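Some notes on the structure that comes next.
The values are calculated or read from the model by the stated rules, or taken from the named source; none is laboratory data. Because the structure is a prediction, the values reported are computed rather than measured. Don't worry about glycine lacking a Cβ; one is built from the backbone with ideal geometry, like all the others, and counts go over all protein chains shown. SASA here: full protein model, heavy atoms, side chains in, ligands and nucleic acids out. Shrake-Rupley method; radii C 1.70, N 1.55, O 1.52, S 1.80 Å.
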Amino acid sequence: MHGRFPILYIAEADAEEAVLSSGALAQLVEAVPQATFTVVGSPASAPLFADLPRLQRLITLDRDGRWDWIALWNQVRETNWGLVVDMRGSTLSGKLRRQRRAVKGKPLPGVHLVEQAARTLQLDEIPAPRLFIGRDTQEAADALIPAGDGPILAIGPGADWIGKRWPADRYAKIAISLLGEGGPLAGGQLMIVGEEADRDAAQTVRSAVKRDRVIELQGRLTRLQTAAALSHATLYLGGDSLWTQLAVAAGVPAVAVFGPSDETLKRPWTGVAVRGPRTLQEFQDLDPRLNQHIQHMMDLPYERVLKATKKLLAERGA
C-alpha cells in the first residue's frame, strides 16, 4: 500500500440515488490517481460500481440491520483510510481511522441530488453522473445491438411504482413521430430497456416500428450492461426511474416525464423534465405518502413530451 491513498466509498442503498451521486466518485477516480477504492453498496447499488478503476474491494451490505453494519465494521476497521466518503450518512464512517471524511447530509429541498453529491465532497464544479464501463461489460451489451450507423431512440417505459408510470401507448406515439418518415430520427432503431417485469409496457412500445428495427433489452442485461447499451443511443425517453439515470450516466441526452415526483431533485442532469398540469403538492394532497395504487400520470399529454424531445434534439443538432 506504500504510496497509495485508500478511499472508502459507501454508496446509497437505492440504485437510482447511487447513480445520481456517481459523478462525484468518478471525479475522485480522475483527480486522485494514486487512490485505490473500496466500495460498499446494497445488492441493488453495489454492482453498478463493479468496473470502477483501481477497485480493490466491492462489498455488498445485504441488509441494513445493526449486525450487518457490525460485520462491515469488521471488514474495514483495520485500514487507515485516506478518505471516507459516506453517501448514506451512517455513523460507521465517524468511527474509522481516516485522514479525511465526507458525509452526505439529509436531502436539501430544491437542490438537485447531483449537486448535493458534489457539495458532499466540496467540489468546485458539479460533475454529471458517470458510471465506468469495463470492456467485458461493454462487449456483453454490444452483442445484443445490431451493427449500423443510424440513430437510436432508447425508451425505458417502466417505473418502480404505478403512480410514476406513464402510459406505454404515449411512448409509442412519440417513437412513431421521431422514427417515422420525416421525423428527426427517421429510419433509426428503437431500443427498449428495463426489467423483465416491464415486458407488457415494452410490447406496446415495440409496436411503434417494424420488428427488425427494435432492440429489445428489457430483462436481458444487468443494470451496468444496460448503461453500456444506452451509450449507443441518440436520445433517451423515460420516467422518474433508474433507467433514466443510467442513460444520463451513459452521456445520453434524456427527456423524463414527471408527475408525483420532485424534478428539482432528480430531473435528468443532461436533459429535461416534462410535467403535466399538476404540481407535486397537488399529487401529495391526493396521495400523501405517494404510494397508493393510482395512475397519477394520465394527465400528461404525449404532445407536450414530443415537443420537448424535438426541441432537445434540435438543440443537440441531431
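A few notes on this one:
- Being among the aromatic types (F, W, Y) and within 27 Å of Y9 (Cα to Cα) is a condition met by no residue of the stretch 158-167.
- Sole residue being under 20 Å from E17 (Cβ atoms) and either touching a residue at least 40 places away in the same chain (Cβ under 8 Å) or part of a helix (DSSP H, G or I) (or both), chosen from A128, A140, A154: A128
- Taking the criterion of being more than 21 Å from A128 (Cα to Cα) and open to solvent by 30 Å² or more (accessible area, probe 1.4 Å), the residues of the stretch 21-43 that qualify are Q34, P43.
- Whichever residue in the stretch 214-233 is open to solvent by 60 Å² or more (accessible area, probe 1.4 Å) and not hydroxyl-bearing (S, T, Y) and, among such residues, is farthest from G180 (Cα to Cα): R223
- Selection over the stretch 168-187 of residues that are under 19 Å from V305 (Cα atoms), in contact with a Leu (Cβ under 8 Å, 6 or more places away or on another chain) and not in a helix (DSSP H, G or I) gives a count of 3.
- Residues that are surrounded by fewer than 17 Cβ atoms within 10 Å (Cβ to Cβ), closer than 26 Å to V114 by Cα and touching a residue at least 60 places away in the same chain (Cβ under 8 Å), drawn from the stretch 48-87: P53
- Of all positions in the stretch 253-268, at least one carries a residue that is open to solvent by less than 70 Å² (accessible area, probe 1.4 Å), of a type in the set (S, T, Y) and more than 18 Å from W243 (Cβ to Cβ).
- Scanning the stretch 128-151 for residues that are touching a Gly at 6+ places or on another chain (Cβ under 6 Å) and under 21 Å from R223 (Cα atoms) yields A128, P129, R130.
- Helices (runs of 4 or more DSSP H) wholly inside the stretch 1-80 containing at least 3 residues that are of a type outside the set (A, V, I, L, M, F, W, C) and under 26 Å from the mean Cα position of the chain (by Cα): 22-31
- Residue match in the stretch 115-136 (condition: surrounded by 15 or more Cβ atoms within 10 Å (Cβ to Cβ) and farther than 30 Å from A24 by Cβ): no
- Filter pass, G276 being among the small types (G, A, S), without any contact (Cβ under 8 Å) to a residue 60 or more places away in the chain and more than 16 Å from G156 (Cα to Cα): yes
- First in the stretch 182-193 and over 18 Å from A247 (Cα atoms), second anywhere and among the hydroxyl-bearing types (S, T, Y), Cβ under 6 Å, 6 or more apart: G183/S177
- Qualifying residue in the stretch 247-254 (condition: without any contact (Cβ under 8 Å) to a residue 60 or more places away in the chain and within 15 Å of G156 (Cβ to Cβ)): yes
- Matching residues in the stretch 81-97 - criterion: being under 20 Å from E17 (Cβ atoms) and part of a strand (DSSP E or B): V84, V85, D86
- Residue check for G163: open to solvent by 40 Å² or more (accessible area, probe 1.4 Å) and under 26 Å from G194 (Cβ atoms): no
- Test: residue in the stretch 99-111 that is at negative phi, open to solvent by less than 20 Å² (accessible area, probe 1.4 Å) and part of a loop (DSSP other than H, G, I, E, B): no
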